[in-house]
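The values are calculated or read from the model by the stated rules, or taken from the named source; none is laboratory data. Source: prediction; values computed, not measured. In this analysis, Cβ positions are derived from the backbone assuming ideal geometry, glycine residues included, and neighbour counts consider all displayed protein chains. We work out accessible area using only protein heavy atoms, side chains counted, and drop any ligands, DNA or RNA first. Shrake-Rupley method; radii C 1.70, N 1.55, O 1.52, S 1.80 Å.
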Amino acid sequence: MTLLAYNLLLEEFPMAEKYVRKSHNGWTFEGDVAMMEGVGRFVIGLAAEVHIIDSPELSEYVNQYFLKYVSQQQNK
């Protein structure tokens, strides 16, 4: 994630700091989440600032969200 996403993550979820490490491209969150809705909202809201690396469940949640909500806006 970018510096912007990192700062917003820590502002909204300060306890996430122990699961974030600096990487060569920015910051990487590595940890378990209780529900996809919370992390999904974060990723969707910062889509240009976040890259999903190894979470098929999160990728599927984001794709389904797009199909359900975003694509229907294009049809109006």
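Per-residue ellipticity at 222 nm from helix content only, as computed over the chain with -39500 (n - 2.57) for each DSSP H run of at least four residues, stands at -12500 deg cm²/dmol.
Applied to region 28-35, the Karplus parametrisation 6.51 cos²θ - 1.76 cosθ + 1.60 on θ = phi - 60° returns per-residue 3J(HN,Hα) values of 10, 8, 9, x, 8, 10, 6, 9 Hz, with x for Gly and Pro.
Accessible surface computed residue by residue for the chain, with neighbouring protein chains in place and a 1.4 Å probe, gives 78 Å² per residue.
Is the chain best put as rounded, prolate or oblate by its Cα gyration tensor, with a ≥ b ≥ c the root eigenvalues, rounded for a/c under 1.5, and otherwise prolate when a/b is larger than b/c, oblate when not? Because a/c hits 1.5 or more and a/b exceeds b/c, the chain counts as prolate. Please give me the summed charge of the neighbours of Leu58: other residues whose Cβ is under 12 Å from its Cβ, Lys and Arg +1, Asp and Glu -1. Overall, the nearby charge balance is -4.
To the nearest 20 debye, what is the magnitude of the charge dipole of the chain about its Cα centre, counting +1 on the Cβ of each Lys and Arg and -1 on the Cβ of each Asp and Glu? Each step should come with its number before you reach the end.
Working: 6 positive and 10 negative charges, 48 e Å.
That gives a dipole near 240 debye.
If the segment from Ala16 to Leu67 were pulled out straight at 0.36 nm per residue, it would be longer than the present Cα-Cα gap by 15.5 nm. Computed from label points 7 Å out along Cα-Cβ, the spacing between Asn25 and Leu3 is 1.9 nm.
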